[in-house]
Amino acid sequence: MVPDSLRSLLNGQWQGTKTHYSTAVQGTSPKGLLTGPSPANGSKLTAGQLALTWSAAASQGTQYALYVGSAPLTADIYAKAEGSSLSDTVQVPVDGRRLFVTLWTLVNGTWQPATYYYDTTE
């Protein structure tokens with residue numbers, strides 16, 4: 001199953017919906033969150049290989065999917081249903097554009113995104 005998303009074109013940029021959740025157990029998240037790579041979210045990538053790891057979601061999330069795209073919530077560079085895996089290594093272009101990494105977590109039958117971005121050097 002591939003996650004669906006609602007996107008809107010605003011000022012020439014595709015924007016995805018954002019949903020925020022809280023949990024009763026402090027320090028846990030109902031969805032998976034990237035714990036790697038190094039460099040951190042928002043950093044500049046200089047190599048074409050991105051090693052990603054993520055935390056397991058709270059007990060409701062058991063399946064993950066990973067998107068890498070040139071816009072938020074897109075998968076024009078990479079898409080993979082990860083199953084219960086907590087890591088993946090992705091070949092990415094290093095050509096000066098901004099890349100968006102979206103980790104999808106299946107939580108109670110609904111896919112929930114967590115989106116990150118990285119700039120690349122030419």
Look at segment 45-61 and say how many of its residues are surrounded by 12 or more Cβ atoms within 10 Å (Cβ to Cβ), at pLDDT 80 or above and outside any loop (DSSP other than H, G, I, E, B).
6
Report yes if Ala56 is within 14 Å of the chain's Cα centre (by Cα) and farther than 14 Å from Gly32 by Cα, otherwise no.
no
Only one of (1) more than 11 Å from the chain's Cα centre (by Cα); (2) modelled with pLDDT of 90 or more; (3) in a loop (DSSP other than H, G, I, E, B); (4) not charged (D, E, K, R) is not met by Ala40, so which one is it?
(2)
Scan segment 66-101 for residues that are among the acidic types (Asp, Glu) and crowded, with 17+ Cβ neighbours inside 10 Å and jot them down.
Glu82, Asp88
What are the residue pairs meeting all of these: first residue in segment 103-117, first residue in contact (Cβ under 8 Å) with a residue 24 or more places away in the chain, second residue among the charged types (D, E, K, R), Cβ atoms under 6 Å, and 6 or more apart or on different chains?
Thr105/Lys31; Val107/Lys31; Gln112/Lys31; Ala114/Lys31; Tyr117/Arg98
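The values are calculated or read from the model by the stated rules, or taken from the named source; none is laboratory data. Everything quoted here is computed from the prediction, not taken from an experiment. All Cβ positions, glycine included, derive from the backbone under ideal geometry; neighbour counts span all protein chains shown.
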